[in-house]
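Q: Questions regarding the structure given below will be posed in turn.
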Amino acid sequence: MKKQLHYLSLLILLSLCGCEVELHDNNYVDAELLPLETPIEIQLDAEQSSSGELLLVEGIDVNYSINTPESQLVSASFYIGDNLVSERNTPQGSFQVYNNNLTGNVQVRCKITTKSLKQGESIRDQVYNGQTYEGEMSWPARFVTPQLTFYQEPEETSLNDVTIHWTFNLEKYYFKVINNGEVIVEKTKETSITLPAPLFGSPYRYIEVQIVDEAGNELFPSLMKGYSYAGVDTFLNGGQLNRLYSLYSNILYTSQYAEVNSYNIPSLTKIAEFKETKSSAVPIAASPNSDKIAVDYSDQVYIFSGKDLNPIAKIDYPERGYVPKDILLTSDNKLALYYNYLSKVYLYDADNGQLEKTISLSGTNFTPEDYPEPWNYLINENYLCEPVVTYGFYLTPLQNFERGKTVFYSQYYSSYFFHPTHPHELIIMDQNNKISILNCQSGKIVRTISKGDEYVFCNIDPATGNYLFQIPHYIIITDENGEELFRLESEAIYPRLFNSTLTCWEGFALNIEPYLEKP
């Protein structure tokens, strides 16, 4: 489509006007006859389709210009269909466009009246003050609804930048581009723009394209003109995203409020979802040797068969007024609820949710100076770890959750957890963010990683063994010896790494395998 000028070069017939006048010698004068036709030119400032139709947009005026070189304009009346939309006697102006329930193709018509600039010398011309011309011209037309559409091409999206395209079904207008609330292009005819890629975890990825006229005034303010563009990452769900990874089935589980979802890795395609009429759901445990997972609903624990999210058992919290500190699915197909303040474990059959037994884990001989920290107690299938305020922690081996001999380690810590795939290793972090890996069987530190005070340890990838760290504005992935493999600018909160898939609290995920440095 292109903007075209529309002309009315019309031989307009003289409107016949007369009266009876008696001819006498004293009033008869030879005079040059005025022409029966006069040229008139009409210019419309309207866009035209490839088939020659005027494109009318409701609410957008059409400007006109009328040129009558050999006559004087008396009136110009514009119609859309049968609706009179303008009646003026000025050679320049505009008429309003409104639909008035018209459908399909319509016509724009102009009825015009002019009078001659020349006046004959006859009494007739003196009486009627010049000759009058009338005529009409019409244009085929149709109404058009403005449509703005955005899209992205995957090959134009990278860690560094993204390209956003848009299409608009009219061509005479300009575009004003606003990225995340900041005007970056005041006026352009371009229909694409390349922007810096959004940071991982950042919600700021919104572009707005306003339709403006040549003066920069916004048109169509009610038009949907915003677009949330994608980076190279994938948006899984909204913020406050809880995450759980099943190493056995290589499935990522997430939850937001009471909705649980499952995703394939690395494609991040959604498999299933499960919604419950509860306030929250947290995928909390994955079986080490089956597809089962456990989801904590704050008053119950659901056991699901796997990625299809079919619930096979529902277990009420057994202790009123207490919440289990840890929930485990064990290698012998048990669900364990560990109550730290009660030093107690409840064991259930993971197939049917039936309670099998309750085990007391009390018996640690704390000294009067120890000041235990039960809120930081930690358990897995093989060990119970009970830190004390003074310095260190008590470590007790477990066999079917029965206590073995307790050993005290005077190892200072700020936080700690069990290795996700090496059950006999305890990861200990001190206040300087130095990581020490304790072999619980030998009681010796087998590895240390010291990256610096600003390096905050996030997690160990259960599938690859790589370490995830966070420093201000960056995420860093290293191997188990601390050698850097990948660095990514980020605004993510609580990032976690699962089989080279980076996830965050804000709901984004990114497969970083293609970007890792290979040894």
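Q: Collect the residues in the range 232-252 that are at pLDDT 95 or above and among the small types (Gly, Ala, Ser), keeping them in residue-number order.
A: Listed by number, the residues that qualify are Ser246, Ser249.
Q: Taking the stated definitions as given, is Glu218 at pLDDT below 95 and closer than 30 Å to Tyr302 by Cα?
A: For Glu218, the condition - at pLDDT below 95 and closer than 30 Å to Tyr302 by Cα - is not met.
Q: Applying the selection to the range 203-237, what residues are within 11 Å of the chain's Cα centre (by Cα), part of a loop (DSSP other than H, G, I, E, B) and hydroxyl-bearing (Ser, Thr, Tyr)?
A: Result: Tyr204, Tyr229.
Q: Hey, among the residues in the range 390-399 that are assigned to a loop (DSSP other than H, G, I, E, B) and not β-branched (Val, Ile, Thr), which one's nearest to Ser442 (Cα to Cα)? Explain how you work it out, then say what you get.
A: Let us first name the residues in the range 390-399 that are assigned to a loop (DSSP other than H, G, I, E, B), namely 390-392.
Of the ones still in play, those that are also not β-branched (Val, Ile, Thr) are 391-392.
On the way: Tyr391: 20, Gly392: 17 Å.
By that ranking, first place goes to Gly392.
Q: Could you tell me how many of the residues in the range 211-222 are crowded, with 16+ Cβ neighbours inside 10 Å and touching a Leu at 6+ places or on another chain (Cβ under 8 Å)? So that I can check it myself, show each step before the final result.
A: We begin by selecting, within the range 211-222, every residue crowded, with 16+ Cβ neighbours inside 10 Å; these are 211-212, 219-220.
Now restrict to residues that are touching a Leu at 6+ places or on another chain (Cβ under 8 Å): 211-212.
Result for the range 211-222: 2.
Q: I'd like the full set of residues that are more than 13 Å from Leu199 (Cα to Cα) and either crowded, with 17+ Cβ neighbours inside 10 Å or within 20 Å of the chain's Cα centre (by Cα) (or both), limited to the range 483-493.
A: Leu485, Phe486
Q: Cβ-Cβ under 7 Å, sequence separation 6+ or interchain: first residue in the range 210-234 and among the polar types (S, T, N, Q), partner assigned to a loop (DSSP other than H, G, I, E, B) and surrounded by 13 or more Cβ atoms within 10 Å (Cβ to Cβ). Which pairs?
A: Gln210/Lys225; Ser228/Arg205; Thr234/Leu268
Q: Quick one: which strands (runs of 3 or more DSSP E) sit completely within the range 400-519 and have at least 3 residues that are touching a Cys at 6+ places or on another chain (Cβ under 9 Å) and closer than 17 Å to Pro266 by Cβ? So that I can check it myself, show each step before the final result.
A: Working: elements: 407-409, 415-418, 425-429, 435-439, 444-449, 456-460, 467-471, 474-478, 484-489, 496-498, 501-503, 508-511.
By residue number, no strands (runs of 3 or more DSSP E) qualify.
Q: Scanning for something within 42 Å of the chain's Cα centre (by Cα), under 29 Å from Asn289 (Cα atoms) and surrounded by 20 or more Cβ atoms within 10 Å (Cβ to Cβ), does the range 434-456 turn up at least one residue?
A: yes
Q: Which members of the range 241-251 meet the condition of being assigned to a loop (DSSP other than H, G, I, E, B) and either among the small types (Gly, Ala, Ser) or touching an Asp or Glu at 6+ places or on another chain (Cβ under 9 Å) (or both)?
A: Hits for the range 241-251 are Leu241, Tyr248, Ser249.
The values are calculated or read from the model by the stated rules, or taken from the named source; none is laboratory data. Small disclaimer: the values here were computed from a predicted structure and weren't measured. Note: ideal-geometry Cβ built from the backbone for every residue, glycine included; neighbour counts use all protein chains shown.
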